[in-house]
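Participant: Structure in structure tokens, see below.
Derivation of every value follows stated rules applied to the coordinates shown; laboratory data play no part. Here the structure is a predicted model, which means the values were calculated and not measured. Backbone-built Cβ (ideal geometry, glycine too); neighbour counts: all protein chains shown.
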Amino acid sequence: MTKFLVTGSLGQIGTELVNTLCDRYGKNSVVISDKRVKCDSDQIGDCECVVLDVTNAKQLSDLVQKQKITVIYHLAALLSATAENNPQLAWDININGLYNILEVARENNCAVFIPSSIGAFGPTTPPEKTPQDTIQRPTTMYGVTKVAGELLCDYYFKRFGVDTRGLRYPGIISYKTLPGGGTTDYAVEIYYEAIRQKKYTCSLRAGTFLDMMYMPDAIKAAIDLMEADPAKLIHRNAFNVTSMSVDPEKITTSIKKHIPDFTIDYKIDPVRQRIADSWPNSMDDSAAREEWGWQPDYNLDKMTADMLKHLEDKLKVRSGYNE
Ligand code: SER
């Protein structure tokens with residue numbers, strides 16, 4: 001029987017992935033874990049929930065053996081801006097945590113999903129339609145851990161036969177759980193503030209183009225990749241995937257179709273701006289499309305309509321937007 005372990009289950013992607021996995025495979029097939037002791041049933045359904053610090057190899061190994069885990073979705077990690085503020089902690093969680101996951105997977109014959117990121121690229125990477133295989137010299141600790149993670153996953157597949165698979169996620173936009181400490185967080189906050197205040201002060205400057213993706217597509221991509229025919233996977237561990245390349249102005253234009261008096265101004269966060277400037281403007285995800293049939297369901301306007309509809313319900317504020 002397939003039994004899933006999700007690390008970082010209380011994070012932005014984790015909270016939604018565990019619900020999908022529980023719906024799809026049954027709650028007895030999913031073990032939810034997070035370092036934070038907060039198994040809130042509203043947030044994460046009624047799957048089994050355990051406290052797990054991925055930097056604690058023994059705790060991880062005991063859990064995997066006890067629960068007879070066969071597939072690990074390893075989402076526990078620090079995002080880019082937080083990592084830049086605390087590079088030592090970022091190394092510990094993002095690298096030592098991943099190493100522990102790969103070792104436990106090797107010892108217990110588990111498949112592993114690992115998210116990489118647009119952050120695995122750097123200022124010398126071709127910024128437009130960034131190819132799948134290209135220069136990767138990131139200038140952030142987050143990026144260093146992501147490139148090292150991609151290589152480590154390749155190594156564990158080639159050397160030990162561990163079934164490692166991964167995606168280079170863009171910024172992920174969602175209405176259920178906030179991201180924390182990412183460079184792309186503005187693209188979530190802007191929708192909250194559009195509903196709450198009809199105005200938003202953005203930490204990245206206009207014209208800062210980055211890839212983004214709506215959460216349903218991010219979840220679909222992870223599950224589809226893990227269920228793909230392994231014989232077809234040439235790039236196992238770090239598929240470029242994207243749904244849209246947008247800047248703050250493009251998102252503003254999309255929101256204004258629903259909230260015409262929405263306005264944006266700018267107060268640049270130098271750390272986040274420097275990080276964003278070092279990342280691609282748009283990625284080429286043709287390898288994912290060819291090797292396992294990746295296809296996003298949401299473009300910017302479809303995502304905006306859905307975000308605003310759900311956030312209005314969640315925040316219970318009449319914004320006056322016309323859907
Ligand atoms: N969303 C992430 C961040 O901004 C990028 O992978 O850190």
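Yes/no per residue for (1) under 13 Å from SER117 (Cα atoms); (2) more than 16 Å from the ligand (Cβ to nearest atom):
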{"position": "ILE234", "(1), (2)": "no, yes"}
{"position": "PHE239", "(1), (2)": "yes, no"}
{"position": "SER245", "(1), (2)": "no, no"}
{"position": "GLU249", "(1), (2)": "no, yes"}
{"position": "LYS257", "(1), (2)": "no, yes"}
{"position": "PRO270", "(1), (2)": "no, no"}
{"position": "MET283", "(1), (2)": "yes, no"}
{"position": "ALA287", "(1), (2)": "no, yes"}
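Participant: Can you tell me which residues in segment 75-88 are within 13 Å of the ligand (Cβ to nearest atom) and in a loop (DSSP other than H, G, I, E, B)?
Facilitator: Matches in segment 75-88: LEU75, ALA77, LEU78, LEU79.
Participant: Scan segment 89-129 residue by residue and report those that are in contact with a helix residue (DSSP H, G or I) (Cβ under 6 Å, 6 or more places away or on another chain) and part of a helix (DSSP H, G or I).
Facilitator: Across segment 89-129, the qualifying residues are ALA90, ASN94, ILE95, LEU98, ASN100, LEU102, VAL104, ARG106, ASN108, GLY119, ALA120.
Participant: Follow-up. Can you pull out the residues in segment 130-148 that are within 15 Å of the ligand (Cβ to nearest atom) and either in contact with a strand residue (DSSP E or B) (Cβ under 6 Å, 6 or more places away or on another chain) or among the basic types (Lys, Arg) (or both)?
Facilitator: Selection gives THR130, LYS146.
Participant: While we're looking at this one, here's another question. Has segment 254-261 got any residue that is out of contact with any Pro (no Cβ under 6 Å at 6 or more places or on another chain), surrounded by fewer than 22 Cβ atoms within 10 Å (Cβ to Cβ), assigned to a loop (DSSP other than H, G, I, E, B) and of a type in the set (A, V, I, L, M, F, W, C)?
Facilitator: Yes: one or more hits.
Participant: Could you list, in sequence order, the residues of segment 157-182 that are under 12 Å from the mean Cα position of the chain (by Cα) and near the ligand (Cβ under 9 Å from one of its atoms)?
Facilitator: Result: ARG168, TYR169, PRO170, GLY171, ILE172, PRO179, GLY182.
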